[in-house]
Amino acid sequence: MLFDVGAYGTAGFMGITEISGVEGLARAARELHTAPNETELLQLAVDLAVNIINGGDHAGICIVQGREFSTPVASDDVVRRGDALQYQLDEGPCLDAVRSQDTVISPNLREEARWPEWTPRAMSVLGIKAMMSLWLYTSVNPYGADSYGALNLYSDSIDPFGPNEYAIAQALAAQISVALAAHREIRGRGVAMTSRTIIGQAEGILMERLGIDADQAFAYLRRVSQSENRKLIMICSEIVKTRRLPQLITW
């Protein structure tokens, strides 16, 4: 079953100011939002997890694209091998966290029955004894939330995650999710602005060469895109780069 948040969650968050890792969380909030790109953001998140979460001896972030899982950043090979084994067997705490959109914790893998193939192999090969996976999301909309993946914490100890550790991990996962969402929104705006600029430049070239207005230029570009079955931005980029117009279609 999933981790019982009721047992730890409320008390953990109410006592957050008393947690020794609160300074680390404050630093995480500042640094995650200033990461220059997504890869560095994720690596910073992994480094912070290992440093501020007691019992999180190994940390990594898995991402999900469609039905495919991967681990772009990890603190060490324990995480990479543990995650790879989950993807291979199609079972494990990381996959459950993403699919259930919740935190999944196993305080003692020796007593774990949810992942009958993954657990014994992970214990024998990697020597881990406990694990916590926290769901990461990039946006919330009226139809639900968009999953990014999970923050995975592998532990060398039995029952390492008490209320304080759970609260810190949840707070860090929330900070990672917010930072990811902000980064992707900014990146999306940048791509949109660049696309609008390129389309405007292509329209200007058409207006000058063909003696047409802006609406006619855009209609022309759209018809070329449809007839060639290529994206509008690709057509415009070629016009701007080569200064050559696409083959004239029926106007």
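Points to keep in mind about this one:
- Once the chain from Asp215 to Val50 is taken as fully extended at 0.36 nm per residue, the excess over their C-alpha distance is 53.8 nm.
- Square roots of 5 times each gyration tensor eigenvalue, C-alpha, segment 86-180, largest first, Å: 24, 16, 10
- Computed on the Cα trace of segment 67-123, the radius of gyration divided by the Kirkwood hydrodynamic radius gives Rg/Rh = 0.93.
- For Ala130, residues with placed amide H under 5 Å, excluding near neighbours: Leu109, Ser155, Ser157
Laboratory data are not the source of any read-out in this text; all were calculated from the coordinates shown. This structure is a prediction, so every number in the text was calculated from the model and none was measured.
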